[in-house]
1. Residue check: is GLN129 touching a strand residue (DSSP E or B) at 6+ places or on another chain (Cβ under 9 Å), under 18 Å from ILE66 (Cα atoms) and polar (S, T, N, Q)?
2. In segment 69-128, which residues are among the small types (Gly, Ala, Ser) and either under 25 Å from the mean Cα position of the chain (by Cα) or surrounded by fewer than 18 Cβ atoms within 10 Å (Cβ to Cβ) (or both)?
3. Mind checking which pairs have a first residue in segment 48-73 that is within 20 Å of ARG94 (Cα to Cα) and at pLDDT 80 or above and a second that is part of a loop (DSSP other than H, G, I, E, B) and not hydroxyl-bearing (Ser, Thr, Tyr), Cβ under 7 Å, 6 or more apart or different chains?
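The values are calculated or read from the model by the stated rules, or taken from the named source; none is laboratory data. Everything numeric here is computed off the predicted structure, so don't read it as measured data. Here the Cβ is made from the backbone with ideal geometry for all residues, glycine too, and neighbour counts use every protein chain on show.
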Amino acid sequence: MPLKTESAEEPAMNLTPMIDVVLLLVIFFMVGTQFTEAEKQFDIDLPSVAAAQPLTGRPDELVVNITKDGAMYLGTQSVTLAQLEQELQAAYERYEDQAVMVRGDAEVPYQAVMDVLGLCQQVNITNVQLANRLREVGGR
């Protein structure tokens, strides 16, 4: 009975696929990198300013608070429905996508919240949110 006297071949790892992937990643990152040569081709001396502010800023959302007794506050200032309408109209004229957050007490009459929502609709404010909180498990 003949016996093999040759040693068994050692397993080898084929690195070709890994090298292909690495080269593809290098090409991807080279193509995806923004080269700044286009900005450097013109010799331009840019003007300087002391303080730069953005040309237009997105205003903060207006918060309308409605208390249990139906009193309305725009931020911290007490307002009537007529005053609130004027403030909302002015805010809409300044910025058409003005956001309004309505925060009504859980026991406020539903009509008070609907009055505020109706005012928002009258002045064409469509970005309106109603504040709420998650109910605790087993509680109110």
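1. yes
2. Across segment 69-128, the qualifying residues are GLY70, ALA71, GLY75, SER78, ALA82, ALA90, ALA91, ALA99, GLY104, ALA106, GLY118.
3. Between residues of segment 48-73 that are within 20 Å of ARG94 (Cα to Cα) and at pLDDT 80 or above and residues that are part of a loop (DSSP other than H, G, I, E, B) and not hydroxyl-bearing (Ser, Thr, Tyr), the close pairs are LEU62/GLN98; VAL63/GLY75.
This table checks each residue for (1) among the β-branched types (Val, Ile, Thr); (2) free of Cβ contacts under 8 Å to residues at least 12 places away in the same chain; (3) assigned to a loop (DSSP other than H, G, I, E, B); (4) within 15 Å of TYR73 (Cα to Cα).
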{"site": "GLU87", "(1), (2), (3), (4)": "no, no, no, yes"}
{"site": "GLU93", "(1), (2), (3), (4)": "no, yes, no, no"}
{"site": "VAL102", "(1), (2), (3), (4)": "yes, no, no, yes"}
{"site": "VAL108", "(1), (2), (3), (4)": "yes, no, yes, yes"}
{"site": "VAL116", "(1), (2), (3), (4)": "yes, no, no, yes"}
{"site": "LEU119", "(1), (2), (3), (4)": "no, no, no, yes"}
{"site": "VAL128", "(1), (2), (3), (4)": "yes, no, no, no"}
{"site": "ASN132", "(1), (2), (3), (4)": "no, yes, yes, no"}
{"site": "VAL137", "(1), (2), (3), (4)": "yes, yes, yes, no"}
